[in-house]
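The values are calculated or read from the model by the stated rules, or taken from the named source; none is laboratory data. Values in this document were obtained by computation on a predicted structure and should not be read as measured data. Methodologically, a virtual Cβ is constructed for each residue, glycine included, from the backbone with ideal geometry; neighbour enumeration extends over all protein chains shown.
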């Protein structure tokens with residue numbers, strides 16, 4: 001009995017040992033999988049958002065790497081690493097890959113874009129515009145800012161504000177820093193005994209030479225004889241080219257900045273033909289006129305004859321439809337002005353409009369106009385001051401007085417000049 005019980009105990013011990021050794025490979029696999037999961041889910045060092053409409057996350061830094069994920073505008077990602085202009089990110093689905101930091105927006109930039117959309121919702125439209133080719137909408141008036149939306153050819157957008165900005169090449173734009181800079185660590189001096197012994201054995205430094213006996217005379221002579229040299233001014237580089245940007249709003253409420261030269265105001269051609277080659281900055285349909293069963297409108301517009309200037313328009317005109325002559329006539333025109341958005345109108349049988357103009361004293365005034373019959377007259381004029389807040393608004397006059405645009409001669413003046421030229425040549 002004793003031998004049988006001992007044999008059973010040995011057999012049981014062998015089975016337990018085999019079972020434990022059989023579980024060792026499974027335990028190793030479990031540890032490896034846990035280690036890989038821990039490595040793939042390393043903690044995020046920052047967060048960012050997709051800027052353009054579509055952002056491809058690549059497996060490596062090379063542009064030829066395989067695409068592991070695709071993001072849409074506004075999608076949030078975790079930033080794991082940044083190497084100059086490239087960032088390693090992790091999507092909400094757990095995919096990790098690399099992308100250009102220009103394709104990403106920081107949390108602050110995303111908040112600014114949302115604030116811009118909220119502010120644009122309350123701005124007065126200055127007219128509708130279209131484009132004859134696809135146009136990219138940017139988060140800021142800068143070519144290097146993210147382009148988060150693109151409207152197709154023929155899409156109508158509302159013009160809200162105007163701004164000029166320097167045209168900087170893409171290479172000069174510094175990459176966005178998605179992660180905070182690492183703090184600098186001070187190097188500590190070695191505290192070894194050898195270093196201390198070397199410092200103690202170093203011979204003492206030689207004493208500094210003393211001043212000469214006539215050092216006071218030498219100082220006076222140097223002060224009187226040495227000519228005063230003015231510091232050289234730093235060399236001036238070439239002027240930075242400026243370009244016009246327009247804040248627009250789509251029918252869905254999205255707001256962004258586009259290049260002004262890409263837009264054309266959607267005013268009827270029978271009125272736009274009188275622009276004399278100037279860019280129409282704003283337009284409004286005013287009073288409704290019926291002529292032989294047709295419906296026509298009086299029109300108010302502002303035009304800009306220059307580019308890259310810090311004001312919005314330099315001329316405005318009011319067109320009235322004459323049912324007797326079946327054509328448009330100028331009810332009021334004023335050139336060589338310095339005007340700013342917004343132009344506010346009250347259409348109807350007795351239309352009114354107001355605009356902000358800079359007078360000769362350099363101050364800004366809000367001018368109110370009314371239509372009486374076929375003529376427009378100024379009804380009121382009061383000082384106006386821009387808002388003190390730094391929010392994006394339509395009123396953005398520059399500090400100081402802007403130079404007025406050069407006066408454009410009218411048709412009658414041009415005809416007089418031609419007649420004078422003919423007479424002078426005939427007399428010669």
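Per-residue answers, yes or no, for (1) loosely packed, with under 15 Cβ neighbours inside 10 Å; (2) in contact (Cβ under 8 Å) with a residue 24 or more places away in the chain; (3) closer than 30 Å to residue 284 by Cα:
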{"site": "98", "(1), (2), (3)": "no, yes, no"}
{"site": "101", "(1), (2), (3)": "no, yes, no"}
{"site": "104", "(1), (2), (3)": "no, yes, no"}
{"site": "111", "(1), (2), (3)": "yes, no, no"}
{"site": "116", "(1), (2), (3)": "no, yes, yes"}
{"site": "132", "(1), (2), (3)": "yes, yes, yes"}
Note: among 249, 317, 279, just one is at pLDDT 95 or above and not assigned by TED's automatic domain parsing to the domain that holds residue 367, namely 249
Quick check on region 131-156: of everything there that is under 25 Å from residue 108 (Cα atoms) and not in a strand (DSSP E or B), which residue is nearest to the chain's Cα centre (by Cα)?
140
Report whether or not residue 364 is crowded, with 17+ Cβ neighbours inside 10 Å, over 27 Å from residue 271 (Cβ atoms) and at pLDDT 90 or above.
yes
Got a sec? Which strands (runs of 3 or more DSSP E) wholly within region 238-357 have at least 2 residues that are touching a residue at least 40 places away in the same chain (Cβ under 8 Å) and under 22 Å from residue 369 (Cα atoms)?
279-291, 294-304, 313-322, 327-346
